[in-house]
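As structure tokens, the structure follows; a few thoughts come after it.
The values are calculated or read from the model by the stated rules, or taken from the named source; none is laboratory data. Quantities reported herein were computed from a predicted structural model and do not represent experimental measurements. For neighbour counting, all protein chains shown are included, and Cβ atoms are generated from backbone atoms with ideal geometry for every residue, glycine included. Note: accessible area is taken over every heavy atom of the protein model, side chains too, but ligands, DNA and RNA are not part of it. Shrake-Rupley method; radii C 1.70, N 1.55, O 1.52, S 1.80 Å.
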Amino acid sequence: MYKLYYLLGFLLVFNVSAQTPVGANYEFASIEYLSEQELGRIVLPQIYKNLGIDINIIPLPANRAQYVASSGNKDGEIMRIWTYGDENSTTIRVPTPYYYLETMPFVLKQQQITIRHIEDLKHYKLVKVRGVKHTNNITAGLSQVYEVNSTEAMFRLLRSGKVDVALTNTLDGNLVLKRLGYQNIIAMEKPLAVLPLYHYIYQKHQALVPVIDQEIKRLKNNGDLQQLIEKAEKQIIQNKGLYVTP
């Protein structure tokens with residue numbers, strides 16, 4: 001069974017190699033300043049490297065990243081939620097997710113605001129990072145939504161009292177709060193959503209999709225993906241100057 005598994009993987013890699021010019025480099029976009037995207041910039045190159053493929057990753061504002069990936073100016077995006085693929089038909093979703101994010105509300109501690117359900121958001125002024133799909137989706141149809149260019153700017157606006165609730169991924173929010181030293185902003189007990197994150201590849205390179213999917217599955221099955229993720233999370237925390245327990 002294992003011999004067949006690796007033979008299929010070899011044939012998929014051979015198929016991609018046959019369609020790819022020697023020395024070709026793939027260049028993918030990512031969203032700048034978000035911690036989960038920083039993790040993707042560490043983990044995804046290793047997944048490709050396992051297959052003998054080198055990639056470059058260019059961090060960009062979210063809307064710009066989407067444009068260059070969907071137009072073919074880049075070869076795809078490293079990490080987006082499921083609905084990104086529904087909105088960008090020129091990109092192909094690698095079927096197996098390799099990470100996840102949580103849509104978490106953050107509030108000022110002294111305001112004693114509780115957000116348990118998505119419906120609760122309609123009562124408050126919200127702030128989110130511009131162009132990020134999961135917070136776009138969860139605030140769709142709401143009128144009091146402000147957009148900024150970074151998580152830091154989002155928390156500064158929340159701290160000023162001009163908005164009531166900030167929305168971002170839990171990991172991203174907690175790391176930025178620690179770096180800023182803000183102790184009067186807290187996360188809710190539970191996220192409003194937990195969403196798998198997928199790699200997207202421009203349609204021109206569709207032969208890559210089953211190869212990368214097979215490798216992600218292999219790494220998941222043998223536990224190596226979780227080890228890569230844990231190592232990357234520690235690296236991100238250390239890069240941000242935060243203490244990590246050995």
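Here is the list for the range 91-157: trypsin sites (Lys or Arg not before Pro) lying in DSSP coil, each with at most 11 other C-beta atoms within 10 angstrom of its C-beta, are Arg116. Label-to-label distance for Ile118 and Asn56 is 3.9 nm, based on points extended 7 Å past Cα in the beta-carbon direction. Across q = 0.11, 0.14, 0.15 Å⁻¹, the range 62-172 modelled as identical point scatterers on its alpha-carbon atoms has Debye log10 I(q)/I(0) values of -0.39, -0.62, -0.69, in the order of the q list.
Across every pair of different alpha-carbon atoms, what Kirkwood hydrodynamic radius in Å does the chain reach? Show your work: numbers first, answer last.
Values: mean 1/r = 0.0523 Å⁻¹.
When all Cα pairs of the chain are included, the Kirkwood radius is 19.1 Å.
Model label points for Lys204 and Leu180, set 7 angstrom from Cα along the Cα-to-Cβ axis, are 3.9 nm apart.
Nearest 5 is fine: what % of DSSP beta bridges in the chain come out antiparallel, could you say? Intermediate results must be reported in sequence, preceding the final value.
On the way: 19 of 33 bridges.
Antiparallel bridges: around 60 percent, rounded to the nearest 5.
Less than 5 angstrom separates the built amide H of Asp164 from those of Lys125, Leu126, all sequence-distant by 5 or more or on a different chain. Note on the chain: with neighbouring protein chains present and a 1.4 Å probe, carbon and sulfur make up 50 percent of its accessible heavy-atom surface. Using Cβ point charges alone (K and R +1, D and E -1), the dipole size of the range 57-175 about the Cα centre works out to roughly 320 debye.
Segment Tyr67..Gln235, full-extension length gain: 57.6 nm, with 0.36 nm per residue of separation and the alpha-carbon distance subtracted.
Rolling a 1.4 Å probe over the heavy atoms of the protein chains gives the chain an accessible area of 52 Å² per residue.
What size of dipole, in debye to the nearest 20, comes out for the chain about its Cα centre when the only charges are +1 on Lys and Arg C-beta atoms and -1 on Asp and Glu C-beta atoms? Present the calculation step by step, with values, prior to reporting the outcome.
Details: 27 positive and 22 negative charges, 74 e Å.
It comes to approximately 360 debye.
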